[in-house]
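Participant: This is the structure, below, for whatever I ask next.
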Amino acid sequence: MSHPSHHARTHPDKIAYRMARGGDAISYRELDARSNQGAHLFRSLGLGPGDHIAVMMENRLEFMEICWAAQRSGLYYTTISSYLTRDEAAYIVADCGARVVITSPRHAELIAGLSRADGPALYIVSEPQAGFASWSAARGAQPETPITDEVAGQDMLYSSGTTGRPKGIKRALEQLPIDQPHPLLRFLCADMCGMSADSVYLSPAPLYHAAPLRFNMMSAVLGGTSVIMETFDAEEFLALVERHRVTQSQLVPTMFVRMLKLPDEVRRRHDLSSLRGGIHAAAPCPVDVKQQMIDWWGPILIEYYAGSESNGATVCSCEQWLAHRGSVGRAVVGKIKIVDEHDRELPAGGIGTVYFADGPVFQYHNDDDKTRRAFNSRGWSTLGDVGYLDGDGFLYLTDRQSYMIISGGVNVYPQETENVLIGHPEVADVAVLGVPDDEMGEQVKAVVQLRDMTRAGPELAAELIAFCRQRLSPIKCPRSVDFEAELPRTPTGKLMKRLLRDRYWPRPVAAPR
């Protein structure tokens, strides 16, 4: 049992969070006081346990302060990608039912569009702007003591689906005390990666993502110090490890690739001997990339497979990975079941949909149909990935059932992009898929059938990319466009995307049997 409030009493002046470039920092005493004030502010606005707030801002100290205020007042808090368009952000705010939205000057213009009489209360950190109440001023007017009805809140994050609209992943609030940490996160961070009160954790990714947010909160639960990068830069990451004597970090394979591509003299320039654990997930890590990282950093990498749904998880240490190269580990939450298209469980070596049995239950907010499709008749749940188990129970991922694209550790869902491109007057049919990319893992490609194929060419390809960028965040937009006279569809109209995908991807290695 632990919480930042405990460390505020025992080590009040210890730094909880520090920004990497700016150097701004917040101590445990300050974090406790400001999160208490935030909790009082939420209560003064009429928010009680189970109510909802949303946060949209770049990496900054207030981000963590606000999440801890929501955590200790029993609220759901949704963190929104700072790269979304106004319509995308507005959809999430409306869908989750946020009664308060807190943003920063960088995103004020986008959030200002949510202002209406029956809309959420809008707050801004830093300097005030028209249409927003000042978060700092409103919070500063509140008591620094705890609210009387503290209860644990939790995140409710959005993960898109093949229907194109993002869906909130909602777990029931259990009326837990605020100092009871998430058991899987504690296992990953403390037991597997060695995080503790002595740790210096380096956070290189956007805080609105599930893993960075949760790992930064776990750092404060354990009483360590987090150094938060404003944005990721490969050489800066290495320099920060040396400067702050960083002990642990959580990364995605694209970050490994960028560091490995640095000149040898740059990689050798920085002392990384303080590193004791590197946790990675979010995308499959190429075998050769992981081997190079182990050769460089030593056997300190911990890989896990899980989703924001928290319905199950696998973990793989370096020692296990070296004996089962390419695996994402064995189950530590739930039991893995590989199921064929007829809902029959497959033996070791059989490739099928990956399900978790006996794992935590979840639901997709406002989408009973998607929730129902995530579970089979036996109550097992799936994230839609495809893979197989070896004879020792280690999981290998071979495909993604929904053709989700993972680019630089960020999930991109093709249907949303397809829905935009099909609206272009010259597009007759379109398929969006991920194709291999040495740095990002995958990049987004559009394969387009035109109404008039004589128009195909680089100029129209550039126009389609620009058309998409006007309507979606850049990460969701194609980086390249190919033209086809006719896309492969069944007589019933179903797009056979695998036929397109196979042109760009090498054939998978057969599973061992």
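Participant: Which condition does Y403 not pass, out of (1) open to solvent by 30 Å² or more (accessible area, probe 1.4 Å); (2) at pLDDT 90 or above; (3) more than 22 Å from D95 (Cα to Cα), if it passes all the others?
Facilitator: Failed condition: (2).
Participant: Filter the range 233-282 for residues that are of a type in the set (G, A, S) and in contact (Cβ under 8 Å) with a residue 24 or more places away in the chain; which is farthest from N411 (Cα to Cα)?
Facilitator: By that ranking, first place goes to S274.
Participant: Ok, one more. Within the range 160-267, considering only helices (runs of 4 or more DSSP H) that don't extend past its boundaries, which have at least 2 residues that are open to solvent by less than 10 Å² (accessible area, probe 1.4 Å)?
Facilitator: Those helices (runs of 4 or more DSSP H) span 210-222, 234-244, 253-260.
Participant: Please determine whether any residue of the range 471-479 is at pLDDT below 95 and farther than 21 Å from E442 by Cα.
Facilitator: yes
Participant: Considering only the range 300-322, state which residues are part of a loop (DSSP other than H, G, I, E, B) and more than 21 Å from L157 (Cβ to Cβ).
Facilitator: At the first step, the residues of the range 300-322 found to be part of a loop (DSSP other than H, G, I, E, B) are 300, 306-312, 317.
If the condition is that a residue be part of a loop (DSSP other than H, G, I, E, B) and more than 21 Å from L157 (Cβ to Cβ), then I300, S317 are the ones that fit.
Participant: Let me ask something else. Could you check the range 410-434 and list, in sequence order, the residues that are assigned to a loop (DSSP other than H, G, I, E, B) and either open to solvent by less than 20 Å² (accessible area, probe 1.4 Å) or of a type in the set (V, I, T) (or both)? If you could, list the steps in order and put the result at the bottom.
Facilitator: Filtering the range 410-434 for residues assigned to a loop (DSSP other than H, G, I, E, B) gives 413, 422-426.
If the condition is that a residue be assigned to a loop (DSSP other than H, G, I, E, B) and either open to solvent by less than 20 Å² (accessible area, probe 1.4 Å) or of a type in the set (V, I, T) (or both), then I422, H424 are the ones that fit.
Participant: Please go through the range 78-97 and give me each residue that is surrounded by fewer than 18 Cβ atoms within 10 Å (Cβ to Cβ) and touching a helix residue (DSSP H, G or I) at 6+ places or on another chain (Cβ under 7 Å), ordered by number.
Facilitator: Y83, R86
Participant: Say whether the condition of being surrounded by fewer than 19 Cβ atoms within 10 Å (Cβ to Cβ) and basic (K, R) is met by at least one residue in the range 477-493. Break it down stepwise before answering.
Facilitator: Restricting attention to the range 477-493, the residues satisfying the condition of being surrounded by fewer than 19 Cβ atoms within 10 Å (Cβ to Cβ) are 479-480, 482-493.
From what's left, basic (K, R): 479, 489.
Yes, there is a match, as at least one residue in the range 477-493 is surrounded by fewer than 19 Cβ atoms within 10 Å (Cβ to Cβ) and basic (K, R).
Participant: Same structure again: Looking at (1) within 15 Å of F187 (Cα to Cα); (2) of a type in the set (A, V, I, L, M); (3) free of Cβ contacts under 8 Å to residues at least 12 places away in the same chain, which is the one condition that is false for A323?
Facilitator: The one condition A323 does not meet is (1).
The values are calculated or read from the model by the stated rules, or taken from the named source; none is laboratory data. These numbers were taken from a predicted model, which means no experiment stands behind them. Using ideal geometry, Cβ is built from the backbone for each residue, glycine included, and neighbour counts are taken over all protein chains shown. Ligands, DNA and RNA are excluded from the accessible area calculation, which covers all protein heavy atoms including side chains. Shrake-Rupley method; radii C 1.70, N 1.55, O 1.52, S 1.80 Å.
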